[in-house]
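First up is the structure itself, then whatever we jot down about it.
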Amino acid sequence: MKILANDGISQNGISALVEAGFDVITTTVAQEQLVDYINENEIKGILVRSATQVRKDIIDNCPSLKLIGRGGVGMDNIDVAYAKEKGLHVINTPAASSESVAELVFAHLFGGVRFLYDANRNMPLEGDSNFKKLKKSYAKGVELRGKTLGVIGFGRIGQATAKIAIGIGMNVIFHDPFLDSATIKVPFFDGQSVSFDFDSRPKEEVLKEANFITVHVPAQKEYVIGKREFDIMKDGVGIVNAARGGVIDEVALIEALESGKIAFAGLDTFESEPTPEIKILMHSKISLTPHIGAATAEAQDRIGLELANQIIALLK
């Protein structure tokens, strides 16, 4: 049986599938050529990340297809309900990338409170000529320790982010309409661990109290954070979106940054991805990464193996 890993898969995932008798194809096929390629090669399963779309046209016109796999959490690039209705298996890897995304959130937060997003732009240009001026510009940083992190969406990634926050001495509060409470177990290098209990709080309360806000929700029909939510926040808040483009109103974000309501933003996902707006890309108070939350070697290994194990269980 042939599996097309159109957006790639880790070597350990390939090895596990090959050992189980599958033929794994890692050729990247253009979106408009996928139907023909799947049919010509009698592909039984297609694996994607965020680049390839698996919509009704593929589901309807590829009779050999039995499984669609997403290497990651969100499946907004797949017509999941329709695929299941047509009898296809649809799988993802919800637990594999949580820690990697959480670490990226803190890369943005640490960089934000010390102006690294701007310093790394200006030091190559002016470091040799305006060193003292730049030093003065970036000399008003703050610490994360002792501050309050508001987490909007407290699933696996939200909880992984909370673990790091607790570990560096932050106070954590969260809002999740589908979760009343959660216990977070923070493990340490020597085998010890400490558990913390949290209760979901109203969204407005979290927005009012947090010094920093991180969003971990699926793609939505409406903004989760828009002008109304920005107005509720404290002045000088830092905000990070490593979830999905479109959960934050980017026009309202720019306005909030310009007014000083928001001190800085960290964005890994964008409303108009994969062509983010120039105003976002050029803004001096935004830390930018190109949707790489799960893009660590460790996460990709976990994702590949988790996909392989599910495929073997479902198709063998």
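Observations on the model:
- Cα gyration tensor category, rounded, prolate or oblate, for region 184-255 with a/c compared to 1.5: prolate
- Percent RCO, i.e. relative contact order, over the chain, from Cα pairs under 8 Å lying at least 6 residues apart: 18 percent
- Taking Cα atoms only, the orientation of helix 250-259 departs from the longest principal axis of the chain by about 10 degrees.
- Take every Cα pair under 8 Å whose residues are at least 6 apart in sequence, average their separation, divide by the length of region 227-296, and the relative contact order is 34 percent.
- Listed pairs Lys136/Lys203; Lys203/Lys285; Lys221/Lys261 exceeding 29 Å between Cα atoms: Lys136/Lys203
- If you look at the Cα atoms of the chain, you get an Rg and a Dmax of 21.5, 66 Å.
- With respect to the chain, whose longest principal axis is taken over its alpha-carbon atoms, helix 116-126 is tilted by about 80°.
- For region 112-127 and region 53-110, distance of Cα centres in Å: 36 Å
- Taking the longest Cα principal axis of the chain as reference, the axis of helix 98-113 is set at about 30 degrees.
- Of the solvent-accessible surface of the chain, computed with a 1.4 Å probe and all protein chains present, 52% belongs to carbon and sulfur.
- Mean residue ellipticity, 222 nm, helices only, the chain: the sum of -39500 (n - 2.57) across DSSP H runs of n ≥ 4, divided by residue count and rounded to 500, is -11000 deg cm²/dmol.
- Average accessible area per residue (Å²) across the chain - probe 1.4 Å, nucleic acids and ligands excluded: 50 Å²
- Based on C-alpha pairs under 8 angstrom that are at least 6 apart in sequence, region 1-153 has a relative contact order of 16 percent.
- Cα-based Rg and Dmax for region 12-155, where Dmax is the largest Cα-Cα distance (Å): 22.9, 66
The values are calculated or read from the model by the stated rules, or taken from the named source; none is laboratory data. Given the structure is predicted, the values throughout are model-derived calculations rather than measurements. Note: areas computed on protein heavy atoms with side chains; ligands, DNA, RNA excluded. Shrake-Rupley method; radii C 1.70, N 1.55, O 1.52, S 1.80 Å.
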